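Colleague: Dropping a structure here in structure tokens format, bear with me for questions.
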Amino acid sequence: MKFKVILFVLLLAPAWLYAQTCNLKLTGTVTDSHDGEKLEFAALGILQLQKQAFTKSDGTFEFTNLCPGTYTIVCRHLGCKDTTFSVTVNENTALSIVMPHKLNQLKEVDINSEKTNHADAAGLSVVSVSSQQLQPLLGGTLGDILKVAPGVTTLQTGATITKPMVNGFTGNRIVIMNNGVRLEGQQWGGEHAPEIDPYIANSITVWYGAKAVRYGPDAIGGVITIDPAALPYNGRFSGIANLAGFSNNRMGASSVQIQNSFGKGRWAYRVQGSYRKGANVFAPGYGLANSAMREGNFSAAAWLQIQPFKGRSVCQPF
């Protein structure tokens, strides 16, 4: 008798399992609690089934082929707090999910600073090439010498035409000051290099940053200042001679500078001249025609120191 009962139950079980259909639907809409807006691309997941769905442009979603039972739903959306809840599905079910709005607010920021007397601490960066650093570089162009400064490269349109480029700016985007005089020649065109003799410089300074615009609105890229040494008033005669050679184009460069003061140190003068000459530049296996060069530079300066008022001295150019 027991065997017959067990056999009857086993025969009836497949029919009962077949009667439990899994074709139920779970649909609904997702809205924002802040303004009631229908949320698009909200992510919903059923933890027990590892199923996922996303809301459409009208905020609706749909899960299909669900079996009767209780499920845990997780809903996420950018700008809203995650929502987790349980729902029992015994028939086709529609939900209305309201997502709590989450305000993303930045915390306050305190900025503290102290006043300083350093010029380059207020957004102005300065890089100087001293006379000691200039010595092994003399004989080249101004652009070649400035390559030692960070952020400075060159724009070269010929064997002897080299323009300095500061942080990607060149031409009328940078200002060149030679002994306090603004240089305008390099703005004439791409074939015009700065007509400055590096031998006259005692130091070269590159000014970066926003404060460089004090030299004018066209100094957005930076400022290059070339400063000669101060004239002597010690009554001593002095001079400097430089010679340099280049093997590629057999170029030679020379410079002579003399200076002195007289009249009990009231007068001072400086005379300086340089000369460069080179043949065509050679590349591996061939020469570059029409790249020979010859360049001469001369400069003179005199200064008179007078004392119009007792205890005060004023220097006037002559």
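Colleague: Which of the residues spanning the range 193-209 are within 13 Å of residue 142 (Cα to Cα) and within 28 Å of the chain's Cα centre (by Cα)?
Modeller: Result: 193, 194, 203, 204, 205, 206.
Colleague: Take residue 221 and decide whether it is surrounded by 14 or more Cβ atoms within 10 Å (Cβ to Cβ) and modelled with pLDDT under 90. Step through it out loud before you land on a result.
Modeller: Working: surrounded by 14 or more Cβ atoms within 10 Å (Cβ to Cβ): yes; modelled with pLDDT under 90: yes.
Taking the combined requirement at face value, the residue satisfies it.
Colleague: Working only within the range 177-207, note down all residues that are among the charged types (D, E, K, R), assigned to a loop (DSSP other than H, G, I, E, B) and surrounded by fewer than 20 Cβ atoms within 10 Å (Cβ to Cβ).
Modeller: Residues satisfying the conditions are 184, 191, 195.
Colleague: Let me ask something additional. Specify which of the listed residues (96, 86, 125) is within 30 Å of residue 167 (Cα to Cα) and either hydroxyl-bearing (Ser, Thr, Tyr) or at pLDDT 80 or above (or both).
Modeller: Residue meeting the stated conditions: 125.
Colleague: If we keep just the residues of the range 143-176 that are part of a helix (DSSP H, G or I) and β-branched (Val, Ile, Thr), which is surrounded by the most Cβ atoms within 10 Å (Cβ to Cβ)?
Modeller: If we take residues in the range 143-176 being part of a helix (DSSP H, G or I) and β-branched (Val, Ile, Thr), then 145 is surrounded by the most Cβ atoms within 10 Å (Cβ to Cβ).
Colleague: Which of the residues spanning the range 50-66 are in a loop (DSSP other than H, G, I, E, B) and surrounded by fewer than 14 Cβ atoms within 10 Å (Cβ to Cβ)?
Modeller: Of the residues in the range 50-66, the ones in a loop (DSSP other than H, G, I, E, B) are 50, 55-59.
Correct list: 50, 57, 58.
Colleague: Another question, if that's okay. Taking the range 218-249 as the search range and keeping residues that are of a type in the set (A, V, I, L, M, F, W, C) and out of contact with any strand residue (DSSP E or B) (no Cβ under 7 Å at 6 or more places or on another chain), which one is nearest to residue 280 (Cα to Cα)?
Modeller: Per the stated criteria, the residue is 229.
Colleague: I'd like the full set of residues that are loosely packed, with under 14 Cβ neighbours inside 10 Å and closer than 12 Å to residue 26 by Cα, limited to the range 79-94.
Modeller: Result: 88, 90, 91, 92, 94.
Colleague: Here's another thing I want to ask about it. Six or more apart or on different chains, Cβ under 6 Å: which pairs go from a residue in the range 237-252 that's assigned to a strand (DSSP E or B) to one that's among the hydrophobic types (A, V, I, L, M, F, W, C)? Could you list them?
Modeller: 239/258; 241/256; 242/138; 244/253
Colleague: Of all residues being surrounded by fewer than 13 Cβ atoms within 10 Å (Cβ to Cβ) and assigned to a loop (DSSP other than H, G, I, E, B) in the range 68-78, which is modelled with the lowest pLDDT? Just the residue, please.
Modeller: The qualifying residue modelled with the lowest pLDDT is 78.
Colleague: Looking at the range 244-254, is at least one residue of a type in the set (A, V, I, L, M, F, W, C), in the same structural domain as residue 294 (by TED's automatic domain parsing) and in contact with a helix residue (DSSP H, G or I) (Cβ under 9 Å, 6 or more places away or on another chain)?
Modeller: So far as the range 244-254 goes, yes, one or more of its residues are of a type in the set (A, V, I, L, M, F, W, C), in the same structural domain as residue 294 (by TED's automatic domain parsing) and in contact with a helix residue (DSSP H, G or I) (Cβ under 9 Å, 6 or more places away or on another chain).
Colleague: Further question on the same structure: Looking for whichever is within 21 Å of residue 295 (Cα to Cα), among the small types (Gly, Ala, Ser) and either touching a residue at least 40 places away in the same chain (Cβ under 8 Å) or in the same structural domain as residue 138 (by TED's automatic domain parsing) (or both) here; the options are 171, 190, 216. Which one fits? Steps first, answer last, please.
Modeller: Working: 171 fails: within 21 Å of residue 295 (Cα to Cα); 216 fails: within 21 Å of residue 295 (Cα to Cα).
Matching residue, one of 171, 190, 216: 190.
Colleague: On to the next question. Could you please tell me which pairs satisfy a Cβ distance under 9 Å, a separation of 6+ or placement on different chains, a first residue in the range 269-285 that is in contact (Cβ under 8 Å) with a residue 40 or more places away in the chain, and a second residue that is among the aromatic types (Phe, Trp, Tyr) and outside any strand (DSSP E or B)?
Modeller: As it stands, the answer is 272/199; 274/199, since those pairs meet every condition given.
Colleague: Being touching a strand residue (DSSP E or B) at 6+ places or on another chain (Cβ under 8 Å), surrounded by 14 or more Cβ atoms within 10 Å (Cβ to Cβ), at pLDDT 90 or above and of a type outside the set (S, T, N, Q): is that true of residue 47 here? Steps first, please.
Modeller: Details: touching a strand residue (DSSP E or B) at 6+ places or on another chain (Cβ under 8 Å): yes; surrounded by 14 or more Cβ atoms within 10 Å (Cβ to Cβ): no; at pLDDT 90 or above: yes; of a type outside the set (S, T, N, Q): yes.
When the stated conditions are applied, residue 47 does not pass them.
Colleague: Still on this structure: Pick from 229, 292, 244, 212: which is surrounded by 12 or more Cβ atoms within 10 Å (Cβ to Cβ), within 39 Å of the chain's Cα centre (by Cα) and closer than 15 Å to residue 140 by Cβ?
Modeller: None of the others qualify; the one that does is 244.
Colleague: Something else about it: Read through the list (1) within 27 Å of the chain's Cα centre (by Cα); (2) surrounded by fewer than 18 Cβ atoms within 10 Å (Cβ to Cβ), then give the number of the only condition that residue 135 fails.
Modeller: Condition (1) is where residue 135 drops out.
The values are calculated or read from the model by the stated rules, or taken from the named source; none is laboratory data. These numbers were taken from a predicted model, which means no experiment stands behind them. Glycine also receives a Cβ, built like all others from the backbone with ideal geometry; neighbour counts cover every protein chain displayed.
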